[in-house]
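Q: Please find one structure pasted underneath; my questions will follow.
The values are calculated or read from the model by the stated rules, or taken from the named source; none is laboratory data. Everything numeric in this text was worked out from a predicted model, so none of it was measured. Ideal geometry is used to build each Cβ from the backbone, glycine not excepted, and the neighbour counts take in all protein chains shown.
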């Protein structure tokens, strides 16, 4: 394996260390060297020096850094082979012998190149046209200066229907590959651009590859048009999976490691607002709910998270789900409630970055405090019906607490807030503990299959997991029960197939936010072509009558237990991939042990199901 590193000196010599370090640290020229704040420890006075001549980056405060490879090993938390591979890629050098580890597949290289050309085109169009000046003015009104625009490589899609297509075609890319990247579409006569007349935010994976775009309207006439979608995101492609990408994670990663926390927002503008306020460790999901994959990905970098979602009903519900996911992975969780505004972007633009920074870091709530506060938020506690509802909601929160001491503290607090005796409240809580798990579903309208849809089964060889069908049809039948099932299965979402995960998230997080009962026509309108095809395939498959089990309370419990088993299987597939791509023996050992624990849990779950 020694010859894997034959090109080490050549790669180091080829490296522009200033360009490399500038990806992580803001540098300023200082004589023949460059200086900046150290990325490895907190400091107010720059002590991190980069020497282009010596190819060294060194902190005179903590001793961090070194040559380009050592710098990458520390800043990216990777081993030597991975750092060497990353540096070779940075310099466009191909290693003689690649070790069998995770790397960009050759098939995907063409897509990354297409997306980078598209990103460069959008940026150039933004910087050199009259429309770009209008877009710049709009962004400046939103508080974004040129430095921020350049940092995030924000660009502009022209209002001419096939400009990007012509640019990509002139670069000798194939139409099919452009379409696979969700950049163009085939029209009646020719291809046209999918994005037009929108400010373009490149979405990058953790390695910095552009994998998607989010386009925002900016012209006054479009902003006034209520039928015009504010944002348009790339559909999922071979290199872009919404449930696996976090906006800004590539830039935030070194800050997350340095500050030992990640800030989780709902939208890109909120991430940028935090970035402007020197909280560069902020990320957000891409038009979908937080997934178990997202949390696992973050768990490799930190175990501390600060959730700052919108303070509306949808944001609060999303925060509750995020808390459950992070708890499953043993995160230390804090949250911020922005009392005066809806979100971080609005707060920064209304009160300024200094006020936002001060408020944010002075108002961190632990998860229990947050859940308690939102349970009482805006409630009329003098109304006896509301009082009972709040009491039950807080009781459900207390059940999640493992400490009797903390439970007791919150019971005392609740007694004070409800103006009732602690003795009476404690008795009610004890009764609640004894009965809450016996949730009855007798009042639920059990799922019945709709009339068969005249739609061809596009995947006749695929058999759906019956537990997927049952859980989805129960959720489709009743909103309240959908929310209860969602609460129970959040830890086991990886047991669903990926298409079903997307469908479930759309039903629970999007559809039921706007509708109280299921309307199939309205639901299908929310789906893209691929999602609609999967949904109709599922319904058609269900209508074939292969599921003979009656839809009862026991059926739903059996489905959840089956999902747990499938989740453990899925987790082990994920672990197998990491084992194959890891170059760290200690990490491999840890992953194997985790896989063994998962297998034992899987066997235990199977035994319980057979009892």
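For (1) assigned by TED's automatic domain parsing to the domain that holds residue 312; (2) over 18 Å from residue 558 (Cβ atoms); (3) part of a helix (DSSP H, G or I); (4) touching a helix residue (DSSP H, G or I) at 6+ places or on another chain (Cβ under 7 Å), each residue gets a yes or a no:
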| site | (1), (2), (3), (4) |
| --- | --- |
| 471 | no, no, yes, yes |
| 475 | no, no, yes, yes |
| 492 | no, no, yes, yes |
| 501 | no, yes, yes, yes |
| 512 | no, yes, yes, yes |
| 518 | no, yes, no, yes |
| 524 | no, yes, yes, yes |
| 527 | no, yes, no, yes |
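Q: Scan 424, 415 and give me the residue that is surrounded by fewer than 13 Cβ atoms within 10 Å (Cβ to Cβ) and at pLDDT 90 or above.
A: Going through 424, 415 in turn, the sole match is 424.
Q: Tell me, please, whether a residue that is in contact with a strand residue (DSSP E or B) (Cβ under 6 Å, 6 or more places away or on another chain), assigned to a helix (DSSP H, G or I), farther than 22 Å from residue 345 by Cα and at pLDDT 85 or above can be found in the stretch 74-91. Walk me through how you get there before you give the answer.
A: Initial filter on the stretch 74-91 (in contact with a strand residue (DSSP E or B) (Cβ under 6 Å, 6 or more places away or on another chain)): none.
For the stretch 74-91, residues in contact with a strand residue (DSSP E or B) (Cβ under 6 Å, 6 or more places away or on another chain), assigned to a helix (DSSP H, G or I), farther than 22 Å from residue 345 by Cα and at pLDDT 85 or above: absent.
Q: For residues that are part of a loop (DSSP other than H, G, I, E, B) and in contact (Cβ under 8 Å) with a residue 40 or more places away in the chain, scanning just the stretch 26-64, find the one that is surrounded by the fewest Cβ atoms within 10 Å (Cβ to Cβ).
A: 42
Q: Among the residues of the stretch 147-181, which ones are crowded, with 21+ Cβ neighbours inside 10 Å and in contact with a strand residue (DSSP E or B) (Cβ under 7 Å, 6 or more places away or on another chain)?
A: 154, 155, 156, 157, 164, 165, 178
Q: Is it the case, given these coordinates, that residue 220 is over 30 Å from residue 252 (Cβ atoms), surrounded by fewer than 17 Cβ atoms within 10 Å (Cβ to Cβ), out of contact with any helix residue (DSSP H, G or I) (no Cβ under 6 Å at 6 or more places or on another chain) and not assigned by TED's automatic domain parsing to the domain that holds residue 272?
A: Working: over 30 Å from residue 252 (Cβ atoms): yes; surrounded by fewer than 17 Cβ atoms within 10 Å (Cβ to Cβ): yes; out of contact with any helix residue (DSSP H, G or I) (no Cβ under 6 Å at 6 or more places or on another chain): yes; not assigned by TED's automatic domain parsing to the domain that holds residue 272: yes.
So residue 220 fits the description; yes.
Q: In addition: Identify, by number, the condition in (1) in contact (Cβ under 8 Å) with a residue 12 or more places away in the chain; (2) under 19 Å from residue 373 (Cα atoms) that residue 299 doesn't meet.
A: (2)
Q: Mind listing whichever residues of the stretch 348-371 are over 14 Å from residue 279 (Cα atoms) and buried (at least 20 other Cβ atoms within 10 Å of the Cβ)?
A: 367, 370, 371
Q: Further question on the same structure: Would you mention how many residues in the stretch 229-288 are within 16 Å of the chain's Cα centre (by Cα) and on the phi < 0 side of the Ramachandran plot? Before the answer, list the steps.
A: Residues of the stretch 229-288 within 16 Å of the chain's Cα centre (by Cα): 233-236, 239-253, 256, 261-272, 281-288.
With on the phi < 0 side of the Ramachandran plot added as a condition, the list becomes 233-236, 239-247, 249-253, 256, 261-272, 281-286, 288.
Counting residues in the stretch 229-288 that are within 16 Å of the chain's Cα centre (by Cα) and on the phi < 0 side of the Ramachandran plot gives 38.
Q: To continue, here is another question. If a residue must be outside any helix (DSSP H, G or I) and farther than 27 Å from residue 491 by Cβ, how many such residues does the stretch 385-432 contain?
A: Residues meeting the conditions: 4.
Q: For the structure I just gave you, tell me whether residue 437 is in contact with a helix residue (DSSP H, G or I) (Cβ under 7 Å, 6 or more places away or on another chain), closer than 30 Å to residue 555 by Cβ, assigned to a loop (DSSP other than H, G, I, E, B) and modelled with pLDDT under 90. Even if it seems obvious, please write down each step before you answer.
A: Numbers: in contact with a helix residue (DSSP H, G or I) (Cβ under 7 Å, 6 or more places away or on another chain): no; closer than 30 Å to residue 555 by Cβ: yes; assigned to a loop (DSSP other than H, G, I, E, B): yes; modelled with pLDDT under 90: yes.
Taking the combined requirement at face value, the residue does not satisfy it.
Q: Let me ask something else. Is the stretch 349-369 home to any residue that is in contact with a helix residue (DSSP H, G or I) (Cβ under 8 Å, 6 or more places away or on another chain), more than 25 Å from residue 144 (Cβ to Cβ), outside the structural domain of residue 413 (by TED's automatic domain parsing) and in a helix (DSSP H, G or I)?
A: yes
Q: How many residues does the stretch 95-108 contain that are outside any helix (DSSP H, G or I) and at pLDDT 75 or above?
A: Residues in the stretch 95-108 being outside any helix (DSSP H, G or I) and at pLDDT 75 or above: 0 in total.
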